[in-house]
Amino acid sequence: MATTTAAATAPHREAPGEPSAKEIRLVIAASSAGTIFEWYDFFIYGTLAALIGKAFFPSGNETLELLLVWAGFAVGFGFRPLGAVLFGFLGDRLGRKYTFLVTVTLMGIATAGVGMIPSAATIGVAAPIVVIAFRILQGLALGGEYGGAAVYVAEHAPPEKRGFYTSFIQASVVGGFVLSIAVVAACRALIPEAEFAAWGWRLPFLLSIILLFISLWMRLKLSESPVFQAMKDAGETAGNPFVESFTYPGNKKRIFVALFGVAGVLTVIWYTAFFYGLSFLRGPMRMDEGVTEVVVLVAGLISMSFYVLVGRWSDRVGRKKPIVIGAIATLVFLFPIFWGLGALSNSGLAASARSAPVVVEGSGCDYDPFAAKQATDCGRLLSDLTSLGASYELRENATGAPPTLVAGGERLTVDTASADAARKAGAQAWLEARGYDFTRQKPPLVNLVGIVALLCSLGMLSALTYGSVAALLAEMFPARIRYSSMSIPYHIGAGYLGGFLPLIAGYIVARTGDAYAGLWYCWVVMAFGLLVAWWGIPGGPPRDFEDGTDPHAPPVAPSLP
């Protein structure tokens with residue numbers, strides 16, 4: 001890291017003294033609770049994706065509705081970097097505490113708003129427009145939340161415990177997802193299925209109002225970060241944190257590494273482990289909705305402890321080693337884990353796909369997942385198979401003959417004159433007669449235990465790449481621009497590389513007919529991120545940011561601030 005001589009960019013020596021044990025407990029509890037509630041608000045949209053699609057994006061095409069929901073999900077993530085810039089600026093100029101009080105308020109109001117929007121059947125196209133507007137507000141709020149909570153805890157923690165203390169923030173992100181699953185499962189249990197689909201799904205959104213008041217009450221008890229307060233008292237706060245984030249000596253390289261080697265790595269396996277895993281089980285594998293939510297809930301609860309263990313481990317071995325190990329393990333085990341999930345969740349479907357693989361023969365087999373109605377007969381047949389969750393191989397022919405289904409050595413010429421529902425039902429019945437089972441699955445207990453174990457293994461891969469990240473990012477950047485400098489790359493990586501993962505992976509699956517093909521997106525991003533992490537993340541024991549320190553130089557022992 002280059003040394004600066006300008007007074008305006010002189011590194012700030014962090015505040016002396018340590019907070020008391022009671023203060024640390026309050027800091028961790030309030031910051032973690034607020035993070036859980038904010039991520040709950042953000043994730044409840046994805047947890048209820050299928051019902052939101054029917055309410056706000058109705059098209060008569062289940063695949064299209066789900067992709068439109070994931071597009072709305074991605075829009076929220078797309079605005080996270082803008083939120084990081086805006087609230088990072090405020091956090092570095094006005095303080096950590098009051099900035100994330102604003103973000104949690106904005107998130108709570110936007111989430112409750114989604115639960116109050118009339119459906120598209122009532123107000124037409126205005127419904128999805130308002131939904132997208134609220135998602136944008138959520139994205140802006142979340143762009144300021146993580147950086148604020150992570151910096152706030154990191155600046156209260158002694159260096160030798162920074163990974164441990166900040167790991168509770170990382171676990172809280174999973175906690176938000178788990179809470180969203182738990183609330184949805186509880187509502188399903190208490191409300192009849194038809195009523196839950198009609199109006200009950202709105203209750204988890206409205207719950208955000210209660211969570212908002214709890215979070216505000218807890219965070220108002222907090223004092224300002226001692227590091228920021230010391231800078232403010234000394235008149236050393238940044239004039240323009242956004243500009244300084246890109247002009248501070250050495251920061252461009254650190255931002256590049258934080259974007260691709262840290263945020264890119266952690267975010268694709270996180271969303272693959274939890275959101276893609278949830279979508280995979282209840283989508284292509286056709287597991288019962290309630291059963292799926294329970295197994296994901298159990299796996300998420302168990303996985304939360306992994307983040308704390310990894311954060312504590314990183315205080316001894318450094319931040320780089322867990323991330324590199326997690327990235328390598330992901331490249332090796334990602335596909336085998338999902339093959340195992342497929343075999344355990346719907347063994348009949350997996351066996352049928354092996355013994356009687358589906359082949360589609362036809363001309364003009366161009367399938368557009370974003371089209372409400374496919375342009376060709378073959379494209380409509382592919383849409384039917386995709387909505388059923390049946391994997392297929394496509395063979396084009398130029399004869400102009402009607403499309404044909406082939407399975408187990410037998411052929412079915414599809415009746416192209418039939419209505420969409422009748423055509424899909426005919427293809428489904430024909431495949432079921434050849435061993436395929438498209439009913440909702442409730443696997444036996446031993447299989448469910450195996451599914452939970454595999455989901456926990458995905459959770460461990462995520463924990464290795466994520467558990468130490470708050471501490472690492474706080475140590476990578478100078479205190480005067482820390483909120484902005486860590487938030488910008490984190491939310492660009494999480495917002496675009498991770499937030500678009502469900503949409504991109506879902507599109508790949510829909511286009512290829514292969515339920516596992518979407519995993520290649522995670523694999524490729526992870527492979528590139530591993531190279532950047534290996535090259536750019538400082539090795540050795542953790543240490544505070546010091547101007548003039550080369551991240552590749554031998555580490556120095558940390559000292560108390």
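Calculate how many DSSP beta bridges within segment 355-432 are antiparallel, expressed in % of all such bridges and rounded to the nearest 5. Around 60 percent of the beta bridges assigned by DSSP in segment 355-432 are antiparallel ones.
So, R0 is 25 Å and r is the distance between the beta-carbons of ASP514 and PHE333; what FRET efficiency does that work out to, to 0.05?
On the way: r = 19 Å, r/R0 = 0.76.
For ASP514 and PHE333, the calculated efficiency is 0.85.
A simple charge model with +1 on the Cβ of Lys and Arg, -1 on the Cβ of Asp and Glu and nothing else charged puts the dipole of segment 355-432 at about 100 debye relative to its Cα centre. Across the cross-link table entries LYS161/LYS252; LYS22/LYS321; LYS373/LYS442; LYS161/LYS253; LYS253/LYS321; LYS22/LYS161, which are compared at the Cα atoms, the separations over 23 Å belong to LYS161/LYS252; LYS22/LYS321; LYS373/LYS442; LYS161/LYS253.
Here the spin labels are modelled as points 7 Å beyond Cα on the Cα-Cβ line, and at LYS373 and TRP534 they lie 5.3 nm apart. For segment 304-387, trypsin sites (Lys or Arg not before Pro) are listed when DSSP marks them as loop and at most 16 other Cβ atoms sit within 10 Å of their Cβ; the list is LYS373.
Computed about the Cα centre, the dipole magnitude for segment 238-369 is approximately 880 debye when only Lys and Arg (+1) and Asp and Glu (-1) carry charge, each at its Cβ. Shown is the FRET efficiency for MET116 and ALA197, computed with R0 = 30 Å from the Cβ-Cβ distance and rounded to the nearest 0.05: 0.95. When MET287, MET107, MET304, MET116 are arranged by Cβ crowding within 10 Å, least crowded first, meaning fewest neighbours, the order is MET116, MET304, MET287, MET107. Working note: Karplus 6.51/-1.76/1.60 with θ = phi - 60° gives segment 264-274 the couplings x, 5, 5, 6, 6, 6, 4, 6, 5, 5, 9 Hz, where Gly and Pro are set to x.
Between ILE209 and ALA21, the distance separating the two model label sites (each 7 Å from Cα on the Cα→Cβ line) works out to 4.1 nm. Descending by average beta-carbon neighbour count within 10 Å, the peptides 527-540, 154-167, 321-334 line up as 154-167, 321-334, 527-540, the highest first. When GLU475, GLU361 are arranged by Cβ crowding within 10 Å, least crowded first, meaning fewest neighbours, the order is GLU361, GLU475. Placing +1 on the Cβ of every Lys and Arg and -1 on the Cβ of every Asp and Glu, with no other charges, gives segment 412-455 a dipole of roughly 120 debye about its Cα centre.
Bear in mind that the values in this text are calculations on the coordinates, not laboratory data. Computed from a prediction, not measured in an experiment: that's the story for all the values here. Reconstructed Cβ throughout: ideal geometry from the backbone, glycine too, with neighbour counts over all protein chains shown.
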